[in-house]
Amino acid sequence: MLADFMPFLANVLLQVGYAGMNITSKLALESGMKPLILVAYRQIFATLAIAPFAFFLERKTRPKLTMPILFQIFLCSLTGATANQVFYFVGLQNTTATIACALNNVLPAATFLLAAICRQEAVGIKKASGQAKVIGTLVCVGGAMLLSFYHGHIIGIGESSIHWNYANKMANSSPSPSGSNFFLGPFLVMASAVAWALWFIIQGQTSKSFPAPYTSTTLMCFMASIECTIIGIFSDPKPSAWSLSSSMRLIAALYAGIICNAVAFCVMSWCIQKRGPLYVSVFSPLLLVIVAILSWALLREKLYVGTYVEVTKAGDRDHDLEMQLQQGGAARG
């Protein structure tokens, strides 16, 4: 019973971890840190954090590393690390943390479509569960678009009583995303979700052919650190831009690298191996609920009617998709 519950608990805790990353990263970006440089540091810190575990825990059980497996890991680095995170952080710079998380709700839809195309997930359109999956896919995309382009009225719950001086300072000194970036931010975040969905599919195959999550994560982050560092240097080669003298920049880079890369990729690889790629992706709507509350409490972001509607739908989707996956698992068993 506990073994069956662990993937669920691990995915919930992952979303809490990602919520913290959204807040710290948003503050680091508002302090002037370039998103491509933050992504590069994230990969570097992740590689340093996970490499010792790969060396000591898997040196006796590690399968043979072949060229096809190395190529799969390289594709994982391009999709799950480089493309996903570059698109996301540039998009996050041009929108709010809440909207960025809402747009990530297209992740289950994109993963389901790609898994169905790659025959990793049975659609069963003639069955009620299959029809529910298709409807849920459309609702995921529609809900994300709703929150991106429709705010509605501000919910009158007042301001948070939490006064974080650093967040207040950043909020007062940073301009809002300009009108010219109104579509850029949401578009890049959705592109990030598609890249992440591709990673889920590729990682599903990699986990079967190379069941060594620490080693595969280390190699993936190492490859991504090279890719992202090259991109970051092209974007801004000045040493001052790469400085981590600001405490928030250092915290954001360490947090994103250790928690949201090193730990998260290992946990997700394990969960994909246990339950499949779609199971892991359906927890992403939970992130919106956590970030919406934290953004209101810490960053003084306003809560709009559109946010409340999407948060409610996110909870319903989580429950419905979980039930569908359980039914699908029972049917396959």
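Tabulated data for the structure shown
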item: Inter-residue pairs, beta-carbon under 8 Å, first farther than 24 Å from F87 by Cα and at pLDDT below 70 and in region 107-128, second of a type outside the set (A, V, I, L, M) and in a loop (DSSP other than H, G, I, E, B), 6+ apart; result: Q120/G276; E121/G276
item: Set L114, L36, L14, L9: member being more than 20 Å from W199 (Cα to Cα), in a helix (DSSP H, G or I) and aliphatic (A, V, I, L, M); result: L9
item: Residue in region 60-80 that is assigned to a helix (DSSP H, G or I) and of a type in the set (K, R) present; result: no
item: For K208: the one exception among (1) modelled with pLDDT under 90; (2) surrounded by 15 or more Cβ atoms within 10 Å (Cβ to Cβ); result: (2)
item: Count of region 253-277 residues which are crowded, with 23+ Cβ neighbours inside 10 Å and more than 14 Å from the chain's Cα centre (by Cα); result: 2
item: Flag for L286 being buried (at least 20 other Cβ atoms within 10 Å of the Cβ), out of contact with any Ser or Thr (no Cβ under 8 Å at 6 or more places or on another chain) and in a helix (DSSP H, G or I); result: yes
item: Pairs, first of a type in the set (D, E) in region 25-49, second modelled with pLDDT under 95 and in a helix (DSSP H, G or I), C-beta under 7 Å, six or more apart; result: E30/M170
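Listed here are the residues, each with its yes/no results for (1) surrounded by fewer than 22 Cβ atoms within 10 Å (Cβ to Cβ); (2) touching a helix residue (DSSP H, G or I) at 6+ places or on another chain (Cβ under 6 Å).
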site: F183; (1), (2): yes, no
site: L188; (1), (2): no, yes
site: A197; (1), (2): no, yes
site: Q203; (1), (2): no, yes
site: A212; (1), (2): yes, yes
site: M220; (1), (2): no, yes
site: I226; (1), (2): yes, no
site: I233; (1), (2): yes, no
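The values are calculated or read from the model by the stated rules, or taken from the named source; none is laboratory data. Quick caveat, the model's predicted, so the values are computed rather than measured. Because the Cβ atoms are built from the backbone with ideal geometry, glycine has one as well, and the counts that use them run over all protein chains shown.
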